[in-house]
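The values are calculated or read from the model by the stated rules, or taken from the named source; none is laboratory data. Keep in mind that this is a model prediction, so the values were computed, not measured. Glycine also receives a Cβ, built like all others from the backbone with ideal geometry; neighbour counts cover every protein chain displayed.
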Amino acid sequence: MSDFTSDMPRRRHAAKRGTEFFIYFSLIFVLAIPFATAFWLLEVFQKQTLNLHGPLARAWAEADRITPILFSA
């Protein structure tokens, strides 16, 4: 018996980000801001430079990393 499924074309499903995704993203982003600010300040004092990603960029990155993990489960 032959396996024909291995030669089938693969379709890429676009990640649909609906309302529920943006609600969770917003909540995680808002909760991440104080922690990102604290870690940013700590890193500014340790490295003595402002040439770093700011707290909002860090919070956005964390929310962008965590939210898809919640939806993949």
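Descriptive notes on the structure:
- Residue tally, condition part of a helix (DSSP H, G or I) and closer than 27 Å to PHE71 by Cα, over region 26-59: 18
- Test: residue in region 33-42 that is in contact with a helix residue (DSSP H, G or I) (Cβ under 9 Å, 6 or more places away or on another chain), modelled with pLDDT under 85 and surrounded by 12 or more Cβ atoms within 10 Å (Cβ to Cβ): no
- Test: residue in region 8-25 that is at pLDDT below 90 and part of a helix (DSSP H, G or I): no
- Selected residue (criterion: nearest to GLU20 (Cα to Cα)) from residues of region 36-68 that are touching a residue at least 12 places away in the same chain (Cβ under 8 Å) and aromatic (Phe, Trp, Tyr): TRP60
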